[in-house]
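J.: Right, I'll just put the structure down here and ask away after.
The values are calculated or read from the model by the stated rules, or taken from the named source; none is laboratory data. If you're wondering where the values come from, they're calculated on a predicted model, not measured in any experiment. FYI the Cβ positions are ideal-geometry reconstructions off the backbone, even for glycines, and counts take in every protein chain you see.
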Amino acid sequence: MNSKKSDVLIIVPAYNESENITGIVEEIRDNYPQFDYVVVNDGSSDNTGAICKKHGYNHINCPINLGIGGAIQTGYRYAREMNYEIAVQIDGDGQHDPAYIEEIIKPILEDKADYVIGSRFVENKGFQSSFARRAGIHFFSFLIMILCFKKVKDVTSGFRAVNKFFIDVFADYYPIDYPEPEAIVDAVMRRKRILELPVVMRERDGGKSSINLKRSVYYMIKVTLNMIVCRISYGIRR
Amino acid sequence: MFQIIPPRLTFVLIFAVIVYFIIILSLLKHKKLNMKYTLLWLFTGVAFLVLVLNPILLFKIIQILGITSTMNGLFIILIAFLIMLVLSLTSIASRQASRITTLIQTQALLEKRVREIESKLDESKEENKE
């Protein structure tokens, strides 16, 4: 059950996702029996860990909640330890459709990209999120544009695939609590090929989003500063 | 003109610094403080003592800074030290947070390996029984 059988690892971070986790893992198992996956149970206070154990899923239990960044980094560290060539990260809440995994790893397999982002805004299909969130996403997109001259539309998408280079980079350092936009700045500044591919996202099946209205102001300020600091730390390039 | 620290206040301040050093030393002795993180506190105390014992030096420094009262100058210098201390504490806390994260991740990865090894052991035991 746990031995490595492929070069592709699908990382599924899960924090209190007892309602969704079986659905997403079964979908991955049914659609991609050829790929490996690992569920990172990020110190959940519900029975997410027990469910993984009961079903015999390949899973890692973090004893304390690390936050999404720390959980994903655990997945990347596992990928490095097990020597995987490609890692795909997909949210444990059922928002991302595993059917697109094949498409987003294709450019990496063909060596056309190092970092692929599954984006809901390239073709504007499926669940598009609320107006306020889209405004926030556009703001970050604009910020990335002025910080590093790279157009990325869906900067907060947690549906991504990376090659071995980034597995190594992210195993060493991954931004901690709202990591997605900062990770893009980091990747662009490393002068790697970033590609955005259209995917269709679904509305969450159950559970709550990690970002509510109260936290959103804090989120905007923190992520903006993080991105700027990340950009500055690379000095003058391009 | 400038007001030099009154003699009585000088004694009070020196006494306070001595008490401060005694507290730090006793904490160090009982291993409740790490020398690494205590150096800045000791240095602050020494600097404060030097300034209190050397009113002329204090006088010159505050003249350069453009402060008109000796006591104000002493307070401002002390506040500057405190800000540095708090900042260094925040930096220590951040460093520890990232180290704890690394530890948790390593522990989680190890726990997974142990779990796998145990299940393999159980399997081979059952095979042996058969």
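Per-residue answers, yes or no, for (1) assigned to a loop (DSSP other than H, G, I, E, B); (2) over 27 Å from A:I228 (Cβ atoms):
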| position | (1), (2) |
| --- | --- |
| A:I108 | no, yes |
| A:V122 | yes, no |
| A:Y174 | yes, no |
| A:A183 | no, no |
| A:E196 | no, no |
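Let's see how each residue does on (1) of a type in the set (V, I, T); (2) in contact with a strand residue (DSSP E or B) (Cβ under 7 Å, 6 or more places away or on another chain); (3) part of a strand (DSSP E or B); (4) surrounded by fewer than 22 Cβ atoms within 10 Å (Cβ to Cβ):
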{"residue": "A:A50", "(1), (2), (3), (4)": "no, no, no, yes"}
{"residue": "A:L66", "(1), (2), (3), (4)": "no, yes, no, no"}
{"residue": "A:T74", "(1), (2), (3), (4)": "yes, yes, no, no"}
{"residue": "A:I104", "(1), (2), (3), (4)": "yes, yes, no, no"}
{"residue": "A:I117", "(1), (2), (3), (4)": "yes, yes, yes, no"}
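J.: Among B:L51, B:L103, B:L89, which is the only one that is more than 14 Å from chain A (Cβ to nearest Cβ), surrounded by 12 or more Cβ atoms within 10 Å (Cβ to Cβ) and modelled with pLDDT of 90 or more?
T.: None of the other options fit; the residue is B:L89.
J.: Another question, then. Quick check on this structure: which one of B:T10, B:T68, B:T90 is of a type in the set (S, T, N, Q) and assigned to a loop (DSSP other than H, G, I, E, B)?
T.: One residue alone meets the criteria, B:T68.
J.: When the range A:139-155 is examined, which residues are found to be without any contact (Cβ under 8 Å) to a residue 40 or more places away in the chain and loosely packed, with under 14 Cβ neighbours inside 10 Å? So that I can check it myself, show each step before the final result.
T.: Keep residues of the range A:139-155 that are without any contact (Cβ under 8 Å) to a residue 40 or more places away in the chain, which gives A:141-142, A:145-146, A:151, A:155.
Hits for the range A:139-155 are A:F142, A:M145, A:I146, A:K151.
J.: Within the range A:79-98, track down each residue that is in a helix (DSSP H, G or I), touching a helix residue (DSSP H, G or I) at 6+ places or on another chain (Cβ under 6 Å) and more than 10 Å from A:V12 (Cβ to Cβ).
T.: Residues satisfying the conditions are A:A79, A:R80.
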